[in-house]
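The values are calculated or read from the model by the stated rules, or taken from the named source; none is laboratory data. Everything numeric in this text was worked out from a predicted model, so none of it was measured. Neighbour counts are summed over all protein chains in view; Cβ atoms, including those assigned to glycine, are modelled from backbone coordinates with ideal geometry. Remember, those area values only see protein heavy atoms, side chains included, never the ligands or the DNA or RNA. Shrake-Rupley method; radii C 1.70, N 1.55, O 1.52, S 1.80 Å.
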Amino acid sequence: MEEPKLSTNALIVLEERYLRRNAKLEIIETPAEMFWRVARAVADADALYGPRSQVAATAERFYQAMAHLEFLPNSPTLMNAGTPSSQCMACFVLPVEDSLEGIFDTLKLAALIQQTGGGTGFSFSRLRPRGDVVHSTGGISSGAVSFMMLYNAMTETIKQGSKRRGANMGILRVDHPDVREFVTSKRDRRALNNFNISVGVTDEFMRAIEKGEKYPLVNPRDRSVWEHEDARRIWELIIQEAWDSGEPGLVALDTINRQNPTKHLGEIEATNPCAEEPLHPYEACCLGSINLNAVVTGPPEQRQLDWHKLGELVDLGVHFLDNVIDINHYPDPRIEDICRRNRRIGLGVMGWADLLFQLGVPYDSEEALSLAEELMGFVEDRAVEASVKLAERRGVFPNYPGSDYDRRGGPRMRNATTRTIAPTGTIGIIANCSAGIEPLFALTYTRRALGGRELKQEIHPVFLEEARRRGVLDDHLREHVVATGRVRNLPTLPEDLRRVFATALEISPEWHVRMQATFQRHVDNGVSKTINLPQEATPEDVESAYRLAYELGCKGITVYRYGSRPEQVLSLEGYC
Ligand code: ADP
């Protein structure tokens, strides 16, 4: 079996967490064997709908796409498919009921999910506020944030023994009486260190800010009004905290629910940890990403997108992820039930910044937005078509009756949703491409020698190639790039090169948000994106980004001001 061509960083990641080990913890598979294990396990679902003889051909196609790093499923699939645990989903949302039993049931389930490498998101909005009565004990409640601390401690305790370090999303509605405590809950940087937090904002709240009005905080226990808050004061508090520490983010609950095709199942209250997947309570989702480096053809000066190949990879991705739903081992029957009934999948792209480099298009340009529109519009049409074709052979998703597709005479879909832009924090390293739709943080990255501690600075290969082709690559340029990671500020370099090879902090927040919003228009789940701000950015900059994201229809927003947080929940764990 020929081994796939993997970068050193990819091999390190695979060896540390992905390749199977025996009882003595020795690695017992190669990367090629890992891709085969996954390909076979996932292809096996074909036998549920047609002759078993077709499974081998499907497995071969899945294997080739993964081994050539053209398409990769999310980490839990790579780690677990075809193993006894076989839990393949990356994203979960669990309900937190307003009772001790409910809180601890969900805590246990979250622990089991995190053990398999899945991330968990919760809305704590159903919990009665701090100071409210507890009839059974005659005491008073310690409030929503105190229970988040409990969940945080659970993750802290189990993360050593898990496949990944564990990640949670905590969401609280802006009209919950504990909103102030929630918004400021990460002032102590060690508190809630295993949580990302986002405020669930409503259209009503956003309107109240505009008008300078008060809005009611409501006790979820009995729907009584607790008190009235000044919308602008809460908004300013959110902005100040986000400026200070990057959190809380926002989740636009009404936007999410308006666009949810399965409204007949009730409201969506929460998302997974990186906010790209709004889900119903107990729902989970498997993600997969197409590496855009794999769909570029032509010599350097005439590179173009290979639409035919992109289309084929979308077909393959939808097929793959639909199969995952059938072969997955679910950690709870309630999760299994809704996953099988909605068949929600999240196919997306990664390597967007690499693609723009290759095509010579600056990230912060109208041309890049048009290309994003065209590319994701194409993925949208093709993914819907692929899901409809699957439905012809395999049937529509069981919750189809009563869904928006059904009521509005839409397509007969196999899957309630098909598209997500994932962060691809680890699979991007495995595929050796830029993460999701993010710009590069620097034009250099760090490579660790296999088995050693030695670190080497590498320059982005497309930049090197382009600088060489244009005859401007010399020692001075190399030294500048290695020292600063960027070239926009280098007046000696031709203007067009400086424009194209932009990095995250050189791109204004407005362009970051516009890029996110453009992808969101063609994505039926959410888009993972960090709006990077330079250290000297002001709270007003954060406010403009938050407002713009809401106005442009983003389902959520996360900002990060350089240097404002010592460590992020989902850092790249020191590989990159
Ligand atoms: P990957 O590249 O490893 O497939 P992503 O970075 O795309 O994963 O993240 C996708 C989702 O996977 C996240 O939003 C979250 O739900 C889950 N996830 C990511 N990293 C972790 C982690 N360390 N622990 C638990 N869940 C995680």
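Mind listing whichever residues of segment 256-293 are open to solvent by less than 20 Å² (accessible area, probe 1.4 Å) and assigned to a helix (DSSP H, G or I)?
ILE256, LEU292
Collect the residues in segment 365-407 that are surrounded by fewer than 19 Cβ atoms within 10 Å (Cβ to Cβ) and touching a helix residue (DSSP H, G or I) at 6+ places or on another chain (Cβ under 6 Å), keeping them in residue-number order.
LEU369, GLU373, PRO398, GLY402
What's the total number of residues in segment 187-196 that are within 19 Å of GLY121 (Cα to Cα) and outside any strand (DSSP E or B)?
Qualifying residue count for the region: 4.
Could you check, for segment 71-82, whether at least one of its residues is at pLDDT below 95, within 21 Å of the chain's Cα centre (by Cα) and among the polar types (S, T, N, Q)?
no
Would you mind stating whether GLU247 is in contact (Cβ under 8 Å) with a residue 12 or more places away in the chain, surrounded by fewer than 23 Cβ atoms within 10 Å (Cβ to Cβ) and either part of a loop (DSSP other than H, G, I, E, B) or of a type in the set (Asp, Glu) (or both)? Before the answer, list the steps.
Details: in contact (Cβ under 8 Å) with a residue 12 or more places away in the chain: yes; surrounded by fewer than 23 Cβ atoms within 10 Å (Cβ to Cβ): no; either part of a loop (DSSP other than H, G, I, E, B) or of a type in the set (Asp, Glu) (or both): yes.
No, not satisfied.
Can you tell me which residues in segment 156-179 are in a loop (DSSP other than H, G, I, E, B) and within 16 Å of the ligand (Cβ to nearest atom)?
Across segment 156-179, the qualifying residues are SER162, LYS163, ARG164, ARG165, GLY166, ALA167.
Counting just the residues of segment 72-93 that are in a strand (DSSP E or B) and of a type outside the set (Val, Ile, Thr), which one comes out surrounded by the fewest Cβ atoms within 10 Å (Cβ to Cβ)? Walk me through it before giving the result.
We begin by selecting, within segment 72-93, every residue in a strand (DSSP E or B); these are 72-73, 91-93.
If we keep only those that are of a type outside the set (Val, Ile, Thr) as well, we get 72-73, 91-92.
On the way: LEU72: 27, PRO73: 25, CYS91: 32, PHE92: 29.
Only one residue fits best here, namely PRO73.
Just to be sure before I move on: is ILE459 of a type outside the set (D, E, K, R), touching a Leu at 6+ places or on another chain (Cβ under 9 Å) and within 23 Å of ASN293 (Cα to Cα) in the structure I sent?
Answer is yes for this residue.
Restricting to segment 28-58, name every residue that is over 14 Å from THR77 (Cβ atoms), surrounded by 14 or more Cβ atoms within 10 Å (Cβ to Cβ) and not acidic (Asp, Glu).
Listed by number, the residues that qualify are THR30, PRO31, ALA32, ALA47, TYR49, VAL55, THR58.
Answer with yes or no whether VAL199 is in the same structural domain as ARG221 (by TED's automatic domain parsing), away from the ligand (no atom under 16 Å from the Cβ), in a strand (DSSP E or B) and closer than 30 Å to PRO76 by Cβ.
Spelling it out, VAL199 is indeed in the same structural domain as ARG221 (by TED's automatic domain parsing), away from the ligand (no atom under 16 Å from the Cβ), in a strand (DSSP E or B) and closer than 30 Å to PRO76 by Cβ.
Using the structure shown, decide if PHE104 is open to solvent by less than 10 Å² (accessible area, probe 1.4 Å), more than 16 Å from the ligand (Cβ to nearest atom) and not acidic (Asp, Glu).
In short, no.
Is there any pair linking a residue in segment 334-351 that is of a type in the set (Asp, Glu) to one that is open to solvent by 10 Å² or more (accessible area, probe 1.4 Å) and assigned to a helix (DSSP H, G or I), with Cβ under 8 Å and at least six apart or on different chains, and which?
Short answer, once both residue conditions are applied: none.
Name the residue, out of ARG547, ARG521, that is surrounded by 17 or more Cβ atoms within 10 Å (Cβ to Cβ), of a type in the set (Lys, Arg) and within 30 Å of GLU204 (Cα to Cα).
On the way: ARG521 fails: surrounded by 17 or more Cβ atoms within 10 Å (Cβ to Cβ).
Testing whether each residue is surrounded by 17 or more Cβ atoms within 10 Å (Cβ to Cβ), of a type in the set (Lys, Arg) and within 30 Å of GLU204 (Cα to Cα) leaves just ARG547.
Hey, ASN432 hits all of (1) touching a Gly at 6+ places or on another chain (Cβ under 6 Å); (2) of a type outside the set (Val, Ile, Thr); (3) within 16 Å of the ligand (Cβ to nearest atom) but one; which does it fall short on?
For ASN432, the exception is condition (1).
Name every residue in segment 523-549 that is among the small types (Gly, Ala, Ser) and farther than 18 Å from MET350 by Cβ, in order of residue number. Please lay out each step first, then the result.
Start the filter on segment 523-549 by keeping residues that are among the small types (Gly, Ala, Ser), which leaves 526, 528, 537, 544-545, 549.
Selection gives ALA537, SER544, ALA545, ALA549.
Name every residue in segment 9-42 that is of a type outside the set (A, V, I, L, M, F, W, C), in contact with a Phe, Trp or Tyr (Cβ under 9 Å, 6 or more places away or on another chain) and more than 21 Å from THR446 (Cα to Cα), in order of residue number.
GLU29, PRO31, ARG40
Across segment 400-429, which residue is farthest from the chain's Cα centre (by Cα) among those that are within 16 Å of the ligand (Cβ to nearest atom) and aliphatic (A, V, I, L, M)?
Looking at the filtered set, the residue picked out is ILE429.
Quick check on ASN272: is it of a type in the set (S, T, N, Q), within 16 Å of the ligand (Cβ to nearest atom) and touching a residue at least 12 places away in the same chain (Cβ under 8 Å)?
yes
Take PRO439 and decide whether it is more than 19 Å from PHE71 (Cβ to Cβ) and buried (at least 24 other Cβ atoms within 10 Å of the Cβ). Reasoning before the result, please.
Working: more than 19 Å from PHE71 (Cβ to Cβ): yes; buried (at least 24 other Cβ atoms within 10 Å of the Cβ): yes.
For PRO439, the condition - more than 19 Å from PHE71 (Cβ to Cβ) and buried (at least 24 other Cβ atoms within 10 Å of the Cβ) - is met.
Which of (1) in a helix (DSSP H, G or I); (2) in contact with a Ser or Thr (Cβ under 7 Å, 6 or more places away or on another chain) is the odd one out, the single condition ASN323 does not satisfy?
ASN323 satisfies every listed condition except (2).
Can you find, within segment 108-139, the residue that is farthest from the ligand (Cβ to nearest atom) among those that are surrounded by fewer than 20 Cβ atoms within 10 Å (Cβ to Cβ) and in a helix (DSSP H, G or I)?
Out of the qualifying residues, it is LYS108.
Say whether the condition of being under 24 Å from ALA422 (Cα atoms), part of a helix (DSSP H, G or I) and open to solvent by 10 Å² or more (accessible area, probe 1.4 Å) is met by at least one residue in segment 298-307.
Checking segment 298-307: at least one residue is under 24 Å from ALA422 (Cα atoms), part of a helix (DSSP H, G or I) and open to solvent by 10 Å² or more (accessible area, probe 1.4 Å).
Of everything in segment 140-155 that's crowded, with 20+ Cβ neighbours inside 10 Å and among the small types (Gly, Ala, Ser), which residue is farthest from the ligand (Cβ to nearest atom)?
Checked segment 140-155; the qualifying residue farthest from the ligand (Cβ to nearest atom) is GLY143.
Kindly check whether there is at least one residue in segment 535-554 that is at pLDDT 95 or above, closer than 19 Å to PRO362 by Cβ and assigned to a loop (DSSP other than H, G, I, E, B).
no
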